[in-house]
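Just below is one structure, and these are the notes that go with it.
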Amino acid sequence: MPHIFHAFDYTITAFIVHDGKVLLVNHPRYDKWIPVGGHIELDEDPEEALLREVREETGLEVTPLGKRPAVESPGTKFLITPDYLDVHEANPPHRHISFTYFVAARDANFMKSDEHDDMRWFTPEELEQAQWNLSPAVRFYCRQAIRKAAN
């Protein structure tokens, strides 16, 4: 999806966890390992974007680990609360405001997407290995997602 705004776009980021590991993708444009994610389209809310992006990029069925209020109110759709919000560079000076979610995959059998050079499950130990060149933010989110999924 092309950028909607010059300075910022709204996106979702999904840290997918299964069996104590987190799924990351090697993004060709950025040439680094990052989580699954993408733009929130004009006709969807963040939760819809989350499930669409995960399905399109991995084929996985996931369950968000965040909470939603147990309240019904006509005309209001309560959304699952993101685990974090951040702003990060996309194509400087353009930035993304990201709704960051932790989700649990029902199984580990992802399908490879042509959007990425590679995809793999990372153990907590691999997240710390220099060879993967993970940003401090990605490592932090991965560790937090694994912890949350374990509880």
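Here, each number is a calculation from the coordinates, and none is a lab measurement. Predicted, not measured: the structure shown is a model, and the values here were computed from it. Heads up, the Cβs are rebuilt from the backbone with ideal geometry, glycines too, and the neighbour counts pull from every protein chain shown.
Which residue out of PHE140, PHE99 is under 14 Å from the mean Cα position of the chain (by Cα), aromatic (Phe, Trp, Tyr) and over 20 Å from GLY20 (Cα atoms)?
When all the criteria are applied, what remains is PHE99.
Test ALA90 against the stated conditions and say whether it is over 22 Å from ALA105 (Cβ atoms), surrounded by 12 or more Cβ atoms within 10 Å (Cβ to Cβ), in contact with a Ser or Thr (Cβ under 9 Å, 6 or more places away or on another chain) and not hydroxyl-bearing (Ser, Thr, Tyr).
Judged against the criteria, ALA90 is a match.
Working only within the range 56-84, note down all residues that are surrounded by fewer than 18 Cβ atoms within 10 Å (Cβ to Cβ), under 16 Å from VAL22 (Cα atoms) and of a type outside the set (A, V, I, L, M, F, W, C).
If the condition is that a residue be surrounded by fewer than 18 Cβ atoms within 10 Å (Cβ to Cβ), under 16 Å from VAL22 (Cα atoms) and of a type outside the set (A, V, I, L, M, F, W, C), then GLY59, GLU61, THR63 are the ones that fit.
Among the residues of the range 106-151, what is the count of those that are in contact (Cβ under 8 Å) with a residue 60 or more places away in the chain, surrounded by 15 or more Cβ atoms within 10 Å (Cβ to Cβ) and assigned to a helix (DSSP H, G or I)?
Qualifying residue count for the region: 10.
Does the range 38-50 include one or more residues that are touching a residue at least 40 places away in the same chain (Cβ under 8 Å), surrounded by 11 or more Cβ atoms within 10 Å (Cβ to Cβ), over 16 Å from the mean Cα position of the chain (by Cα) and more than 19 Å from GLU126 (Cβ to Cβ)?
no
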